[in-house]
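Visitor: Pasting in a structure now, in structure tokens, and then I'll have a few things to ask.
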Amino acid sequence: MTNIRQLMKQAQEMQERMQRELAEMVVTVSVGGSTVTVQMNGHKHLVSVKIDPEVIDPEDPSMLEDLILAAVNEACRRVDEEVQGRLGTLTTGLPNLF
């Protein structure tokens, strides 16, 4: 019974650590020759968006929209990759339960 409690405590500590790391993790993505840059944290919340004023064309807003969309989607992909990498290192050394 002690082993199960110890394992549950260890799992809870890992979850708390992962939540802290996700909040602290920030990925930065630039697209369009760095005309649009976004930062996203590990919870997939946008932290910042920077747009080069030269890319803002009132006659062609769709180009800017496409750049923002591409940057956000790439940031989401990179967060997923980073989270998977960190999960792999967190679970190393845990007993195989299944």
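No lab work stands behind these numbers, since they all come straight from the coordinates. Please read these numbers as outputs of a predicted model, since none were measured by experiment. For neighbour counting, all protein chains shown are included, and Cβ atoms are generated from backbone atoms with ideal geometry for every residue, glycine included.
Visitor: Using the Cβ atoms and a cut-off under 12 Å, what net charge is assigned to the surroundings of Gln84, where Lys and Arg are +1 and Asp and Glu are -1?
Guide: Numbers: positive: Arg77, Arg78, Arg86; negative: Asp80, Glu81, Glu82.
Summing Lys/Arg as +1 and Asp/Glu as -1 gives 0.
Visitor: Pop the C-beta distance of Gln84 and Glu59 into the FRET formula with R0 = 30 Å and round what comes out to the nearest 0.05. Before the final figure, lay out the partial values.
Guide: On the way: r = 41 Å, r/R0 = 1.38.
Once rounded, the FRET efficiency stands at 0.15.
Visitor: Farthest toward the dipole's positive end in the chain, which of Met14, Pro61, Gln84, given Cβ charges of +1 (Lys, Arg) and -1 (Asp, Glu) about the Cα centre?
Guide: Towards the positive end, the residue furthest out is Met14.
Visitor: Next question. Cβ under 14 Å from Ala70's Cβ, Ala70 left aside: what net charge do those residues give with Lys, Arg +1 and Asp, Glu -1? Let's see the in-between values first.
Guide: On the way: positive: Arg77, Arg78; negative: Glu65, Asp66, Glu74.
Counting the neighbours of Ala70, the net charge comes to -1.
Visitor: Can you pull out the GluC sites (Glu not before Pro) in the stretch 8-72 that DSSP calls coil and that have at most 12 other Cβ atoms within 10 Å? Working shown, then result.
Guide: Working: sites: Glu13, Glu16, Glu21, Glu24, Glu54, Glu59, Glu65; in loops: Glu59.
Qualifying residues, ordered by number: Glu59.
Visitor: Figure the gain on full extension for Met18 and Lys44 (residue separation times 0.36 nm, minus the Cα-Cα span) and round it to one decimal in nm.
Guide: On the way: separation 26, 0.36 × 26 = 9.36 nm, distance 1.40 nm.
Taking 0.36 nm per residue and subtracting the Cα distance, the gain is 8.0 nm.
Visitor: Counting other Cβ atoms within 10 Å, keep those with at most 14, restrict to DSSP loop, and tell me which trypsin sites (Lys or Arg not before Pro) in the stretch 30-90 are left. Don't jump to the answer; show the numbers that get you there.
Guide: Working: sites: Lys44, Lys50, Arg77, Arg78, Arg86; in loops: Lys44.
For trypsin sites (Lys or Arg not before Pro) across the stretch 30-90 that sit outside H, G, I, E and B with at most 14 neighbouring Cβ atoms in 10 Å, the list reads Lys44.
Visitor: Next up: Given a Förster radius of 35 Å and the C-beta distance between Cys76 and Met8 as r, what FRET efficiency does 1/(1 + (r/R0)^6) yield to the nearest 0.05? Mind showing how you got there, number by number?
Guide: On the way: r = 32 Å, r/R0 = 0.90.
With a Förster radius of 35 Å, E is 0.65.
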